[in-house]
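The values are calculated or read from the model by the stated rules, or taken from the named source; none is laboratory data. Quick caveat, the model's predicted, so the values are computed rather than measured. Please note: Cβ atoms are built from the backbone with ideal geometry, for glycine as well, and neighbour counts cover all protein chains shown.
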Amino acid sequence: MMSGDGLVFRVRPFFGELSVDQAFGLCDLADRFGNGILDLTSRANLQIRGVCEKDQATLLKALDDLELIDSNPAAEGRRNILIAPHWEEGDLTHQLCRDVLQTLPDLPDLPEKMGFAIDTGAVACLSSGSADFRFELTTQGHVMLRADGAQGGRVIPRAEAMRALTELALWFVQSGGSAAGRMARHLERASLPEGWDTATPRPEDKSLDIGPTQRGTVLGAPFGKIASADLRAVLRQTEVASLRLMLGRTLLLRGAFVRKASGFVTAPSRLMDVHACPGAPYCAAASVETMPLALALAPLTVGSLHVSGCSKGCAYPKAAMTTLVGRDGRFDLVRQGRPWDEPCQSGLGPDEVKTMGDLG
Ligand code: SF4
């Protein structure tokens, strides 16, 4: 993708995991071709920003050498897969993800943003992530497939999982879903075929928080920014088996116990409730800087806060208690809403916003 500061390369690690060598390799590529920062996205992918067009082919080759690109371009383009982070080799989650990877090239043509969630680990943890086809477990532990936007799904025998996925994808296309672009939007107008809304998924477990866990340490990356130097430092300070990218702009250092890590948060932090996209000058659509205002407002507010460079809302396409949206060099204020919702105030300067006192 072209952005305000050059090309953006999105890297989707297989099974949501990076080996230590891959992580070091990405740090080197971010320094050599990008701006030295890896962006951890809301879909738990990484981005290298600020790449010159002339370096495009070299960077692609380097990512291929790190085994971070699918050799099948059709599969690579569709590889929007969220996976519950605590999978083990050969378990149900790992197997389902492997099967989805193999099935991707055979699925009908789906809109580019559509994606898949494999939420069949010990606890449910992906419902807040962006996905259209969700593999989950019922409250009794049966595998089910749920169309995003539907309350329930369909229980599927394990051996039939990919056939069921293909069937649901075909229904989406044949019922005109491509015009809506996403499953949940399509279901606002269309009804699923009979039997696709009968099974209830397990409730979400909210306990996966930042800090030490039995499997390693979960680090938070404020605003999703990971400086290559900070990531290298944390990888050198301790033995890490691998890195797993997680929702909420967090990552798991498997097998490692870390108390302090420069550039990351290692305990629940107010900063992780604050969202900001790159803004100006990094994105061509932005007319305002976002991160300085977000940092200044973080200690002055208590509820969820989103500073967005424009109404697209890339960093947090959801409702926040306070959303500030850049427009023509000033900010619109949306309370309890999304960046594209009707603002209650407009034309605010950053200093005006900082002294408002009632932002929430
Ligand atoms: S929200 Fe707008 S300004 Fe921010 S990154 Fe997305 S397109 Fe750019």
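Details
- Residues of segment 318-332 satisfying the condition of being within 15 Å of the ligand (Cβ to nearest atom), closer than 15 Å to V274 by Cα and touching a residue at least 24 places away in the same chain (Cβ under 8 Å): A320, L324
For (1) under 30 Å from D148 (Cβ atoms); (2) in contact with a Pro (Cβ under 6 Å, 6 or more places away or on another chain); (3) exposed (fewer than 15 other Cβ atoms within 10 Å of the Cβ), each residue gets a yes or a no:
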position: V20; (1), (2), (3): no, no, no
position: L26; (1), (2), (3): yes, no, no
position: I48; (1), (2), (3): yes, no, no
position: D64; (1), (2), (3): no, no, yes
position: I83; (1), (2), (3): yes, no, no
position: E89; (1), (2), (3): yes, no, yes
position: L92; (1), (2), (3): yes, no, no
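- Any hit, segment 98-107, residues being farther than 21 Å from E160 by Cα, among the charged types (D, E, K, R) and in contact with a Ser or Thr (Cβ under 9 Å, 6 or more places away or on another chain): no
- Every test in (1) more than 16 Å from the ligand (Cβ to nearest atom); (2) surrounded by 15 or more Cβ atoms within 10 Å (Cβ to Cβ) is passed by F257 save one, and that test is (2).
- Taking segment 278-294 as the range and being under 19 Å from K354 (Cα atoms), under 21 Å from the mean Cα position of the chain (by Cα) and either surrounded by fewer than 21 Cβ atoms within 10 Å (Cβ to Cβ) or within 8 Å of the ligand (Cβ to nearest atom) (or both) as the test, the residues that pass are G279, T290, M291.
- Single condition V20 does not satisfy, out of (1) in contact (Cβ under 8 Å) with a residue 60 or more places away in the chain; (2) over 23 Å from L168 (Cβ atoms); (3) within 16 Å of the ligand (Cβ to nearest atom): (3)
- In segment 249-275, the residues that are at positive phi form Cβ pairs under 6 Å with partners that are assigned to a loop (DSSP other than H, G, I, E, B), at six or more places apart or across chains, as follows: R249/A221; G255/A241.
- Leading residue by the ranking (nearest to D351 (Cα to Cα)) among those in segment 295-316 that are near the ligand (Cβ under 9 Å from one of its atoms) and surrounded by fewer than 20 Cβ atoms within 10 Å (Cβ to Cβ): S311
- Residue pairs whose Cβ atoms lie under 9 Å apart, separated by 6 or more positions or on different chains, with the first residue in segment 333-360 and touching a residue at least 40 places away in the same chain (Cβ under 8 Å) and the second of a type in the set (D, E), are P350/E289.
- Of all residues in segment 126-140, those satisfying the criterion of being surrounded by fewer than 23 Cβ atoms within 10 Å (Cβ to Cβ) and either within 16 Å of the chain's Cα centre (by Cα) or without any contact (Cβ under 8 Å) to a residue 24 or more places away in the chain (or both) are S127, S128, G129, S130, Q140.
- Residue in segment 341-353 that is within 13 Å of the ligand (Cβ to nearest atom) and either closer than 26 Å to R185 by Cβ or outside any loop (DSSP other than H, G, I, E, B) (or both) present: no
- Under the condition of being in contact with an Asp or Glu (Cβ under 7 Å, 6 or more places away or on another chain) and either free of Cβ contacts under 8 Å to residues at least 60 places away in the same chain or of a type in the set (D, E, K, R) (or both), the residues counted in segment 36-49 number 2.
- Residues that are modelled with pLDDT of 95 or more and not in a loop (DSSP other than H, G, I, E, B) within segment 65-78 comprise just one, D65.
Here's the yes/no breakdown for (1) assigned by TED's automatic domain parsing to the domain that holds Q22; (2) in contact (Cβ under 8 Å) with a residue 12 or more places away in the chain; (3) over 25 Å from L137 (Cβ atoms):
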| residue | (1), (2), (3) |
| --- | --- |
| P201 | no, yes, no |
| R215 | yes, yes, no |
| L219 | yes, yes, yes |
| P222 | yes, yes, yes |
| T238 | yes, yes, yes |
| M246 | yes, yes, no |
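- In the condition set (1) surrounded by 20 or more Cβ atoms within 10 Å (Cβ to Cβ); (2) touching a Ser or Thr at 6+ places or on another chain (Cβ under 7 Å), G211 is compliant with all but (1).
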